[in-house]
Every structure is written in structure tokens, then in C-alpha cells.
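Colleague: Just dropping this structure here.
The values are calculated or read from the model by the stated rules, or taken from the named source; none is laboratory data. Since this is a predicted model, take the numbers as computed values, not measurements. With ideal geometry, Cβ positions are generated from the backbone for all residues, glycine too; neighbour counts draw on all protein chains shown.
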Amino acid sequence: MAVKTIDISLNEDRFDARAFSGVRTRRIIAFCIDYILIALLLIPVGLLVLLLGLITIGLGWLLFSVLGPLTALLYVAVTLGGRHQSTIGMRMMDLRLERLDGGRVDPFLAIAHTVLFWIGNAVLTPFILLLALITRYKRTLHDLLLGTVVVRA
């Protein structure tokens with residue numbers, strides 16, 4: 001019985017040095033912008049949950065426990081997994097997320113990217129970001145695991 005191997009040829013050579021100029025700094029600023037926007041989104045969503053809790057005699061208020069993560073994941077799925085392949089903060093910093101195989105970033109990959117970032121930071125603290133100092137194309141741990149790269153748009 002022969003073992004089949006799957007050849008996944010990553011098209012890494014399509015990037016030049018200009019695509020990574022200032023990516024780390026821009027990525028940090030984009031992260032801060034995005035989390036300010038998510039915090040602002042939590043205000044109207046929180047008000048909706050408050051009203052839902054009043055209507056359901058307090059039962060709807062259970063949603064407050066998952067409100068932050070769900071709002072952030074929805075934001076990432078719509079923006080990073082959307083047409084521009086970047087969040088609003090990333091667009092402001094002229095960045096986009098790309099797959100190394102050349103495919104599009106879909107909402108599920110965008111959510112996986114964010115969840116791996118959160119898990120990595122919870123387990124390894126921000127030291128996962130130090131990987132960007134030594135890896136090719138300034139990739140972080142979650143980029144390496146998912147086959148993605150952040151480049152200048």
C-alpha cells in the first residue's frame with residue numbers, strides 16, 4: 001500500500017520586502033484601534049441586552065457573560081473575513097491578512113486566527129508576539145499555525 005503525500009506548495013515568493021515594511025508596529029496600532037472600536041460596539045449591544053433582560057425578567061442578562069467575546073468574534077468575522085481581508089484598524093494602518101496558499105480569508109479562518117491569538121496570549125502571555133522578531137515575514141505564532149501572513153495593503 002503506497003502512502004500518498006499531499007503537496008501544499010506555499011506561494012511565499014510572491015511577497016517582496018516592501019510588503020513587510022513597518023508591519024509589526026502597524027499591527028500593534030491596528031490592534032489598539034480595533035479594540036477601541038469593539039469597546040464602542042459593546043455600548044449599543046450592551047443596551048440591547050439590558051432591554052432584553054428587562055423584557056425577559058432578568059433572563060436575558062445572562063448574555064452579559066458572553067457579550068464581549070461574541071461581539072469581538074462577530075466584528076472579526078465580518079471585517080477580517082470580509083472583502084478587504086482586514087479589520088477597520090488594519091485598513092487604517094494599510095494592512096491586510098493573506099493566506100500563504102493565495103486563497104481568500106473567510107470568516108471561519110478570521111475567527112480561528114483571533115481565537116488562536118487569544119489562547120496563545122492566555123497560555124504563553126505576549127511572548128508569542130516575540131516570534132515576529134525572528135520569523136520570516138514577521139509572522140506570529142497564530143500566523144504560523146494557520147498559514148497566514150500580514151502584509152502592507
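Colleague: Against the condition surrounded by 19 or more Cβ atoms within 10 Å (Cβ to Cβ) and not aliphatic (A, V, I, L, M), how does Gly103 come out, does it pass? Show your work before the answer.
Modeller: On the way: surrounded by 19 or more Cβ atoms within 10 Å (Cβ to Cβ): no; not aliphatic (A, V, I, L, M): yes.
Answer is no for this residue.
Colleague: Right, something else. Please give the number of the condition Leu59 fails out of (1) at pLDDT 90 or above; (2) surrounded by 14 or more Cβ atoms within 10 Å (Cβ to Cβ).
Modeller: Single failed check for Leu59: (2).
Colleague: Then there's this: If the Cβ limit is 9 Å and pairs must be 6+ apart or interchain, which residue in region 121-138 that is exposed (fewer than 14 other Cβ atoms within 10 Å of the Cβ) pairs with which residue that is basic (Lys, Arg)?
Modeller: Leu133/Arg24
Colleague: What residue, among those in region 82-97 that are of a type outside the set (Val, Ile, Thr) and buried (at least 21 other Cβ atoms within 10 Å of the Cβ), is nearest to Leu40 (Cα to Cα)?
Modeller: Among those that are of a type outside the set (Val, Ile, Thr) and buried (at least 21 other Cβ atoms within 10 Å of the Cβ), it is Gly89.
Colleague: Mind checking which residues of region 62-81 are of a type in the set (Phe, Trp, Tyr) and surrounded by fewer than 15 Cβ atoms within 10 Å (Cβ to Cβ)?
Modeller: Within region 62-81, just Phe64 meets the criteria.
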